[in-house]
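The structure appears right after this line, and notes come after that.
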Amino acid sequence: MTSTDDTALDPEAEARFNAIVARRLADDERHLADRRARRVLWLSHHWPDHYGERCVMVGGRPACRRCSALYSVGFAVALASTFGVDPWPDRLDPGLIWLLCLPATAAFVGEALGWFRYSVRWQVATTLVAGLAFGKALGHELEQRWSSEFWGPIAVFGGLWFFASLIGHRRRADVDGARAAQ
């Protein structure tokens, strides 16, 4: 009498099972990477594939390059302004605050909408200029709560940046969806 091994797997079934296990492990690895990225997203604002070009490493963690430039210059200018060391006379504030925000807005909106490619130099240069305006406006806010010199540009330019981000994200999703359908 010949004994048959009832526990032997069909090679095709075993291959399908191994493929399922491999997909699950890859999904788990992507899930862990997404969880790690989400923990630092509040500082970086970018996913790991953009850390190299859009972030600086601070203490081993990614921090948004744009925010690092904007806030460091802005807070320094605001602090200096509260002690009377202004980058320009106060009478020029309304015009210069709005004017100095334009290059960074053009850079951000243009990139978000896909009009031109991202450039580290362009981003940093325009953000440093906007940092001067932000700092001067923040100085007004620190002196008088709800200052129009601060909240006016924040509302207008922040709104433009927000909607450009939404529209750009939507456009990229539509393009990616069309590519996936092909």
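Hey, can you tell me all the residues within the range 35-74 that are exposed (fewer than 13 other Cβ atoms within 10 Å of the Cβ) and at pLDDT below 75?
Listed by number, the residues that qualify are Arg35, Arg36, Arg38, Arg39, Trp42.
In the range 124-149, which residues are among the polar types (S, T, N, Q) and either under 14 Å from Trp98 (Cβ atoms) or touching a helix residue (DSSP H, G or I) at 6+ places or on another chain (Cβ under 6 Å) (or both)?
Within the range 124-149, Thr126, Thr127, Ser147, Ser148 meet the criteria.
Taking the range 112-123 only, how many residues are under 12 Å from Glu53 (Cβ atoms) and either touching a residue at least 24 places away in the same chain (Cβ under 8 Å) or part of a loop (DSSP other than H, G, I, E, B) (or both)?
The total comes to 5.
Got a sec? Which of Leu132, Leu160 is surrounded by 18 or more Cβ atoms within 10 Å (Cβ to Cβ), of a type in the set (A, V, I, L, M) and touching a residue at least 24 places away in the same chain (Cβ under 8 Å)? Steps first, please.
Numbers: Leu160 fails: surrounded by 18 or more Cβ atoms within 10 Å (Cβ to Cβ).
Unique residue meeting the criteria: Leu132.
Only one residue in Trp88, Trp98 is out of contact with any Ser or Thr (no Cβ under 7 Å at 6 or more places or on another chain), outside any helix (DSSP H, G or I) and hydrophobic (A, V, I, L, M, F, W, C). Which one?
Working: Trp98 fails: outside any helix (DSSP H, G or I).
Within the list Trp88, Trp98, the selection yields Trp88.
Among the residues of the range 126-182, write down those that are among the small types (Gly, Ala, Ser) and under 14 Å from Gly74 (Cα atoms).
Taking the range 126-182 and keeping what is among the small types (Gly, Ala, Ser), we get 130-131, 133, 135, 137, 139, 147-148, 152, 155, 158-159, 164-165, 168, 173, 177-178, 180-181.
Matches in the range 126-182: Ala130, Gly131, Ala133, Gly135, Ala137, Gly139.
The values are calculated or read from the model by the stated rules, or taken from the named source; none is laboratory data. This structure is a prediction, so every number in the text was calculated from the model and none was measured. No Cβ is skipped: glycine too gets one built from the backbone with ideal geometry, and neighbour counts run over all protein chains shown.
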